[in-house]
Amino acid sequence: MKKFIGNDWDEILAPVFNSEKYQRLHEFLKKEYATKKIYPDMYHIFTAFKLTSFANTKVVILGQDPYHNPGQATGMSFSVNPGVKLPPSLQNIYKELYDDVGCRPVNHGYLKKWADQGVLLLNAVLTVPYGHANGHQGKGWEEVTDAAIKALSDRGKVVFILWGRYAQNKIVLINQDKNFVIKSAHPSPYSADRGFFGSRPFSRCNEALKNFNEIPIDWQLPTKVTQADLA
């Protein structure tokens, strides 16, 4: 079995990784990385899966695709590298985080602490060309991430946080009898006032985890990120 990730996700996703469509995606990406600026770097494509194994996943926060400007993408949805200016969506997430559960805002956007606790920070598409949002949609990543969502849904007792229409379209993959779904407007400045603010996703998530007899997430991020903290 090919080891793309290095944990139990390799076995879960093996049927997709062994498919002809994934081989075409692989060849496409080799050319893209050789000729263009693609984010994240190839060593961080699977960071979300590497940090949060299938067995340890309790929560999924689903994004669309990575940030497409230099230095931003980490391989985790909504997360940016330390020292990078907070994107507007993440600023709004921090505002709701404070209003919902009282977490103090921090001056970085590195969300690894959430991933370490079982929050799979998953983008539906795992790569993006510089300056071209959605540039790798429809190239084959959706088969990988849809399979991951479906596998977690079948396992059950997962909280899926779906912000915005794109993420909510994935609800067809989720068994809502076995899992808990939180959906609202996207935290983008274009939509946050239309239902994201006041939606209380973090406290609702923790209540759902308690009902699943799981340990709630400590959403408070560290004030500083050291080199040792980086994935």
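The values are calculated or read from the model by the stated rules, or taken from the named source; none is laboratory data. What you are looking at is a predicted structure, and each value in this text was computed from that prediction instead of being measured. FYI the Cβ positions are ideal-geometry reconstructions off the backbone, even for glycines, and counts take in every protein chain you see. Heads up: the accessible areas ignore ligands, DNA and RNA and are worked out on the full protein's heavy atoms, side chains in. Shrake-Rupley method; radii C 1.70, N 1.55, O 1.52, S 1.80 Å.
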Within region 159-173: backbone nitrogen closer than 18 Å to the S188 label point (7 Å, Cα to C-beta): 162-171
Accessible area expressed per residue, the chain, with surrounding protein chains retained (probe 1.4 Å, Å²): 48
Kirkwood hydrodynamic radius over Cα pairs of the chain, then Stokes diffusion coefficient at 4 °C and 1.567 mPa s, in µm²/s: 72
Virtual spin-label span in nm between M1 and N211, 7 Å along Cα→Cβ: 3.3
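If you add up the charges near I38, with Lys and Arg at +1 and Asp and Glu at -1, over every other residue whose beta carbon is less than 15 angstrom from its beta carbon, what do you get? Before the final figure, lay out each step's value.
Numbers: positive: K30, K31, K36, K37, K139; negative: E27, E32, D41, D65.
Value of the local net charge: +1.
Which percent of the accessible heavy-atom area of the chain goes to carbon and sulfur, probe 1.4 angstrom? Could you put the intermediate results ahead of the total?
Numbers: 5600 of 11060 Å².
Carbon and sulfur atoms account for 51 percent of the accessible area of the chain.
Under a Cβ-Cβ cut-off of 14 Å, what is the net charge of the residues other than V128 that fall near it, where Lys and Arg count +1 and Asp and Glu count -1? The partial results should precede the final answer.
Details: positive: K36, K37, K139; negative: E32, D41, D65, E142.
The answer is -1.
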Helix by helix, which DSSP H runs in the chain go 18 Å or more along their axis at the Cα atoms and have an average Kyte-Doolittle hydropathy of -1.0 or more? 88-101, 141-155
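Mind ranking V101, V125, V84 by accessible surface for me, highest first, 1.4 Å probe?
Working: V101 60, V125 0, V84 35 Å².
Accessible-area ranking of V101, V125, V84, largest first: V101, V84, V125.
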Under 24 Å from K3, Cα to Cα: lysines that are on another chain or at least 8 residues apart: K21, K30, K31, K50, K58, K112, K139, K150
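For Y166 and Q23 in one chain, what is 0.36 nm times their gap in residues minus the Cα-Cα distance, to one decimal in nm?
Values: separation 143, 0.36 × 143 = 51.48 nm, distance 2.56 nm.
Value of the extension gain: 48.9 nm.
Looking at the chain, send over the antiparallel percent of its DSSP beta bridges, to the nearest 5. Present the calculation step by step, with values, prior to reporting the outcome.
Values: 3 of 17 bridges.
Approximately 20 percent, going by the DSSP bridge assignments.
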